[in-house]
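Each reported figure results from applying straightforward, stated rules to the coordinates on display, with no laboratory input. Just so it is clear, the model here is predicted, and its values are computed rather than measured. Cβ atoms come from the backbone with ideal geometry, glycine included; neighbour counts cover every protein chain shown.
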Amino acid sequence: MRSLRSTEILIALAVVTIFVLLALYDYRRQAAVVETFDTFSSYDFQRGGYHAWYDLLKREGVRVTQYQRRPGYLNDSVSTLVIANNAFDAALRSAVGQQGGVYTQNDFDMLRKWVANGGRLVWLTDQATGVSAPGTDVSLAARKLLNADVAPSLHLPSVNRSGPEKDAAIPIGTALFTDGVRALSGTSRLRMPFGANPGLTPLIADQGGTVVGWYNLGKGTVVVVTDESLFENSRLNKADNARLAYNIAAQGLQPGDTVAFEEWSHGYQSGDNWWTIMPWTLQLALSIAAGALLLLLVGAVWRFGPAAQVLENNERTSGEYLVSMASLLDRGRARRKAVADLAQIALRIAARSVGMPESSPASLIATRLRGSEAGDRRAHDLLTLERLSGFQEPSAAELVQAARLSRDLRKELTFDGLHIQPRRAATRRSA
């Protein structure tokens, strides 16, 4: 019984291991799909990430970190917060079961409160959620994914797709954020229309509208950039993109001030429940594994049936062997063949007993046997046995009858020289 219990535990552990390995494989496959899209995350080393921007600030001696909590946790420890929301990346993460942060009205209110208290917000307009002007061709479902329409408290300017095919944006004024910037190299056509937001100060623009602008909000500042591609890993070294990236994030900071890249909306979250940040495939695998372990524990404590008792004497008698063989032959429908074999043995013996070939028909053999009372009885038995051998599905009683007739014929017919003759009765001795 101990060996049986050990086997059950090994099987349960093997099943749990298989489920965990499948979940990890599925998670890695889904993560590989996500990595093929631009994430604008400072954790992303690929061409569509912002890790080069993060490293640039770090090499320049700026105190930089990656913020993985909701805006409600912001305080004075963060001086500049860079937010690059991406609805398409969030939609993909949601489709493959990965965690993605979605801002709510309360998050935007807390973000506004932080800016009004003196923080600097660098808002990179998302290619989907940032479009709020009428007549744009951006999916409404993608815009609502990050709830961009519930942020009126931040006074974010409206944008449209009025930019030229080739980026020709240049600085249009002298400011702290444009120091050393002469030209940019981006791919987005999103622009903030001139005059649409009186409080916005354009910094970099072209004939289509403003690409980079800023405005005051309470004691703080909001810098809006309509082209997220400017600071990608693959484009940061083009034109003066790197200079602009440094200026809007670090210019004017005091010693000890921190620049933070918001990563909560990209799925890198802390401060929430550990279960909610896992992909649903891993949650399912762990749930199945926990269920299997629970069943194993229940089965070890409460048995579902009586324990099987091993018999000490397991030798079988000849009678049990015969019964089992009979049952096996009965399930295999061997009655017809058994009756035919019994009849064939008896016919051969009867034919040889009267000097006829073994292939002789039963009717001729019976004719030879007739002539006496014993011979008539043997002839009748022989014909009955032949009739039984012709049945397609003989019954158990007919099988027993055939066996009895075959046995009697073989006992009453004996060899005499070259032939088998009827057995003669023993001579009785006189008293």
Kindly state, to the nearest 0.05, the FRET efficiency for Val301 paired with Val15, given R0 = 22 Å and r defined as their beta-carbon distance. 0.65
In the neighborhood of Ala338, defined by Cβ-to-Cβ distances under 14 Å, what is the net charge if each Lys or Arg adds +1 and each Asp or Glu adds -1? +3
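In which sequence would Arg70, Arg63, Arg191, Arg331 go, from the one with the fewest C-beta neighbours within 10 Å to the one with the most? Walk me through the numbers before you get to the answer.
Working: Arg70 21, Arg63 15, Arg191 25, Arg331 8.
The most exposed by this proxy come first: Arg331, Arg63, Arg70, Arg191.
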What's the local net charge at Arg235, with K and R +1, D and E -1, over the other residues with C-beta under 12 Å away? -4
Based on alpha-carbon positions alone, could you give the equivalent ellipsoid semi-axes of region 319-422 from the gyration tensor, as √(5λ), descending, whole Å? 27, 14, 12
Aspartates and glutamates near Lys238 by alpha-carbon distance under 13 Å, same-chain residues fewer than 8 away left out - which ones? Asp167
Please list, ordered by chain and number, the residues whose modelled amide H lies under 5 Å from the amide H of Gln66; skip anything fewer than 5 residues away on the same chain. Phe261
Would you mind listing how long region 165-205 runs along its three principal axes, going by Cα atoms, in whole Å with the largest first? 27, 24, 11
Distant-in-sequence amide H partners of Gly186 (H built 1.01 Å from N, under 5 Å): Asp167
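If packing is taken as the average count of other Cβ atoms within 10 Å, what order do 41-51, 336-346, 16-26, 292-302 fall into, highest mean first? Intermediate values should be presented prior to the final figure.
Numbers: 41-51: 19.5, 336-346: 18.0, 16-26: 15.0, 292-302: 11.6.
Taking the mean over residues of other Cβ atoms within 10 Å, the ranking is 41-51, 336-346, 16-26, 292-302.
If r is the Cβ-Cβ distance from Ser287 to Leu383 and R0 is 60 Å, what FRET efficiency results, to the nearest 0.05? Each step should come with its number before you reach the end.
Numbers: r = 76 Å, r/R0 = 1.26.
Computed FRET efficiency for Ser287 and Leu383 comes out at 0.20.
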